[in-house]
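Trainee: Dropping a structure here in structure tokens format, bear with me for questions.
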Amino acid sequence: MKTSNATEAKTLKQLIDGYAKIRTELAKTIVGQDKVIEQLLISLFAGGHCLITGAPGLAKTLLVKTISQILALEFSRVQFTPDLMPADITGTEVLTETGKGRKLSFVPGPVFANMVLADEINRTPPKTQAALLEAMQEHQVTAAGKRHPLPEPFFVLATQNPIEMEGTYPLPEAQLDRFMFNVVIDYLPEDEEVAVVQQTTAEPNAPVKPIFNAKTMTKFIGLVRKVPVAEDVSRYAVRLAAASRPLQEESIEYVDKWVNWGAGLRAAQNLVLGAKARALITGNTHVTVEDIQALAHPVLRHRILVNYRAEAEGITTEKVIEHLLETVSTTIN
């Protein structure tokens, strides 16, 4: 990327310095979870939506809310429940009195914010889950035939609990594909759990300080897209995604054996876009194969569907991705 332009150079320095400051502010509230935080911030700098998967009590909601405070973004939380209706999210038209009589006016729903936390998204029926699709893809809401643009930047961060199946509605593949990353939060090591217990049972920490704002985040998203990518690196991302698809001309044997459905084109796009953001926060101005590989798990884990044979043999999606990283060549013949 040519940084001779003074404005771009200033924005790049602001992003690199700001990333370190964000990590410092987050440490006031969040203990550990370094990889999760890195992946979440990469998705935001790339302008993508993120699905956060983890058991209850792992600070998923707290993490998202704290990030919104640090970035000074308008934040909205929607608790997804079985009785939630689409209009409860997007908004609806109501009859109001005016000086000239009655008229229908659109009342925006909670989706009209910079950062929307869809808490426990898999607890609401597909009809309501689908209310987010247009917002996520088009950054707008259509009501009564009228389009209402959403504020920019716009992010949907959804959480889901992977261990409870009763009373849940798994997200359809088409909606899962709209999420740039699926970030998995796991239990902390013992020392970090002790630190959490000590921190949360003592006096409250100092509040986090806002570092950026919506306008700055929009500049970062634009800057990320200007990062150059060599054709060989893009080709590797495409080949990595394509290798996950079974029953193709050049399918890998274990993919045919274990996978029902592989990743589509959007996976390769998100691998490259995420790699651009990762390159910048690590101080590089170009994308490497290592950047692609570092994001393979969050990009692919919700886009690869293993079959019953794989489940019977104890083969998980994570293992399939590991095989892909070991098998797909990083060099182009």
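The values are calculated or read from the model by the stated rules, or taken from the named source; none is laboratory data. Remember, predicted model here, so these are calculated numbers, not experimental data. Note that each Cβ is placed from the backbone with ideal geometry, even for glycine, and that neighbours are counted across all protein chains shown.
Trainee: For region 27-74: of the residues being modelled with pLDDT of 90 or more and among the acidic types (Asp, Glu), which is nearest to ARG266 (Cα to Cα)?
Mentor: By that ranking, first place goes to GLU38.
Trainee: Considering only region 210-311, give the helices (runs of 4 or more DSSP H) lying wholly within it that have at least 2 residues that are under 18 Å from ASN182 (Cβ atoms).
Mentor: Numbers: elements: 214-224, 231-242, 253-258, 265-281, 289-294, 296-300.
It comes to 231-242, 265-281, 289-294, 296-300.
Trainee: Answer with yes or no whether ILE89 is touching a Lys or Arg at 6+ places or on another chain (Cβ under 7 Å), in the same structural domain as MET180 (by TED's automatic domain parsing), at pLDDT 80 or above and of a type in the set (A, V, I, L, M). Quick ask: steps written out before the conclusion?
Mentor: Working: touching a Lys or Arg at 6+ places or on another chain (Cβ under 7 Å): no; in the same structural domain as MET180 (by TED's automatic domain parsing): yes; at pLDDT 80 or above: yes; of a type in the set (A, V, I, L, M): yes.
Against the criterion (touching a Lys or Arg at 6+ places or on another chain (Cβ under 7 Å), in the same structural domain as MET180 (by TED's automatic domain parsing), at pLDDT 80 or above and of a type in the set (A, V, I, L, M)), ILE89 does not qualify.
Trainee: For the structure I just gave you, tell me whether LEU71 is in contact with a Ser or Thr (Cβ under 7 Å, 6 or more places away or on another chain), over 25 Å from ASP177 (Cβ atoms) and surrounded by 15 or more Cβ atoms within 10 Å (Cβ to Cβ).
Mentor: no
Trainee: With the structure loaded, tell me whether ARG301 is within 25 Å of ILE37 (Cα to Cα) and among the basic types (Lys, Arg) or whether it fails that test. Steps first, answer last, please.
Mentor: Values: within 25 Å of ILE37 (Cα to Cα): yes; among the basic types (Lys, Arg): yes.
In short, yes.
Trainee: Among (1) surrounded by 16 or more Cβ atoms within 10 Å (Cβ to Cβ); (2) under 21 Å from the mean Cα position of the chain (by Cα), there is one condition TYR236 misses while meeting the rest; what is its number?
Mentor: Going through the list (1) surrounded by 16 or more Cβ atoms within 10 Å (Cβ to Cβ); (2) under 21 Å from the mean Cα position of the chain (by Cα), TYR236 breaks only (2).
Trainee: Please specify each residue of region 26-53 satisfying the condition of being in a helix (DSSP H, G or I), surrounded by fewer than 21 Cβ atoms within 10 Å (Cβ to Cβ) and not aliphatic (A, V, I, L, M).
Mentor: Listed by number, the residues that qualify are ASP34, LYS35, GLU38.
Trainee: Quick test of your reading of the structure: GLY57 fulfils all but one of (1) at negative phi; (2) surrounded by fewer than 11 Cβ atoms within 10 Å (Cβ to Cβ); (3) not basic (Lys, Arg); (4) not in a strand (DSSP E or B). Name the failing condition by number.
Mentor: (1)
Trainee: Could you tell me whether any residue of region 222-235 is in contact with a Phe, Trp or Tyr (Cβ under 7 Å, 6 or more places away or on another chain) and modelled with pLDDT of 85 or more? Lay out the reasoning, then the answer.
Mentor: Looking only at region 222-235, we keep the residues that are in contact with a Phe, Trp or Tyr (Cβ under 7 Å, 6 or more places away or on another chain), and these are 224.
This time we only want the ones that are modelled with pLDDT of 85 or more, so: 224.
Checked against the condition, which is being in contact with a Phe, Trp or Tyr (Cβ under 7 Å, 6 or more places away or on another chain) and modelled with pLDDT of 85 or more, region 222-235 yields at least one hit.
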